[in-house]
1. Mind checking whether some residue in the stretch 56-65 is on the phi > 0 side of the Ramachandran plot and either open to solvent by 40 Å² or more (accessible area, probe 1.4 Å) or not β-branched (Val, Ile, Thr) (or both)?
2. Considering each residue of the stretch 1-47, count those that are within 17 Å of the chain's Cα centre (by Cα), part of a loop (DSSP other than H, G, I, E, B) and within 22 Å of Gln70 (Cα to Cα), and give that number.
3. Give Asp57, Asp67, Asp92, Asp117 a once-over and let me know the one that is of a type in the set (Asp, Glu), closer than 23 Å to Gln152 by Cβ and in a helix (DSSP H, G or I).
4. May I ask you to list the residues in the stretch 126-142 that are part of a helix (DSSP H, G or I), touching a Phe, Trp or Tyr at 6+ places or on another chain (Cβ under 9 Å) and either over 27 Å from Met99 (Cα atoms) or not charged (D, E, K, R) (or both)?
5. So which pairs qualify, if the first residue must be in the stretch 106-123 and open to solvent by 80 Å² or more (accessible area, probe 1.4 Å), the second must be among the acidic types (Asp, Glu), the Cβ gap must be under 9 Å, and the two must be at least 6 apart or on different chains?
6. Any idea which of (1) part of a loop (DSSP other than H, G, I, E, B); (2) in contact with a Leu (Cβ under 6 Å, 6 or more places away or on another chain) is the one Thr107 doesn't satisfy?
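The values are calculated or read from the model by the stated rules, or taken from the named source; none is laboratory data. Not measured: the values here are computed from a predicted model. When we count neighbours, we look across all protein chains shown, and the Cβ atoms used for this are built from the backbone with ideal geometry, even at glycine. Side chains included, ligands, DNA and RNA excluded: accessible areas come from the protein's heavy atoms. Shrake-Rupley method; radii C 1.70, N 1.55, O 1.52, S 1.80 Å.
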Amino acid sequence: MKYGGWKNRKLIDFYLRFAKVLFERYKGKVKYWLTFNEINVALNTLGAVLSTGTIRDYEGPVTEVPDRLQERCQALHHMFLASAKAVQYAHDRYPSFQMGNMICFVTSYPYTCDPEDILACQQKMQVTNWFCSDVQVRGEYPGYIKRYFAEQGVQIQMEPGD
């Protein structure tokens with residue numbers, strides 16, 4: 001709360017410090033590691049509650065938390081960076097570690113067999129399910145998410161090396 005959740009870039013270094021402590025403490029006991037569980041939940045309208053910690057100045061039902069897509073996406077970008085740094089650190093120092101990330105796969109089906117419904121379903125699946133793993137596997141934002149961000153008015157602030 002003090003830092004505004006994952007929208008604050010400072011959390012990347014906090015997370016890396018936390019990961020280093022865990023890696024060293026459990027290096028002989030844990031082989032399989034997940035940097036984040038269900039990281040793509042950040043893209044859900046409740047992502048501010050369930051994942052990114054970007055709620056501020058709100059008191060009320062959890063189902064009515066204001067949706068700030070820009071903040072959620074920026075927070076997710078910082079989570080990607082924290083994950084990548086933790087994986088890189090672990091691979092450099094603990095070669096036996098196997099690193100990964102958990103995706104909350106939400107299956108969607110087209111409303112009808114109309115091509116417009118099928119395309120809409122595919123686009124939803126890209127954003128909801130494939131985007132996060134595409135970034136983590138390929139190391140860059142795919143074209144479809146850049147288009148989605150442009151359509152939604154989302155602008156990710158990046159620094160050199162992100």
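1. yes
2. The total comes to 9.
3. Numbers: Asp57 fails: in a helix (DSSP H, G or I); Asp67 fails: in a helix (DSSP H, G or I); Asp92 fails: closer than 23 Å to Gln152 by Cβ.
Selected residue: Asp117, the only one of Asp57, Asp67, Asp92, Asp117 that is of a type in the set (Asp, Glu), closer than 23 Å to Gln152 by Cβ and in a helix (DSSP H, G or I).
4. Gln126, Val127, Thr128, Asn129, Trp130, Phe131, Cys132, Val135, Gln136
5. Going by the 9 Å Cβ cut-off, the qualifying pairs are Tyr111/Asp117.
6. Thr107 satisfies all of (1) part of a loop (DSSP other than H, G, I, E, B); (2) in contact with a Leu (Cβ under 6 Å, 6 or more places away or on another chain) except (2).
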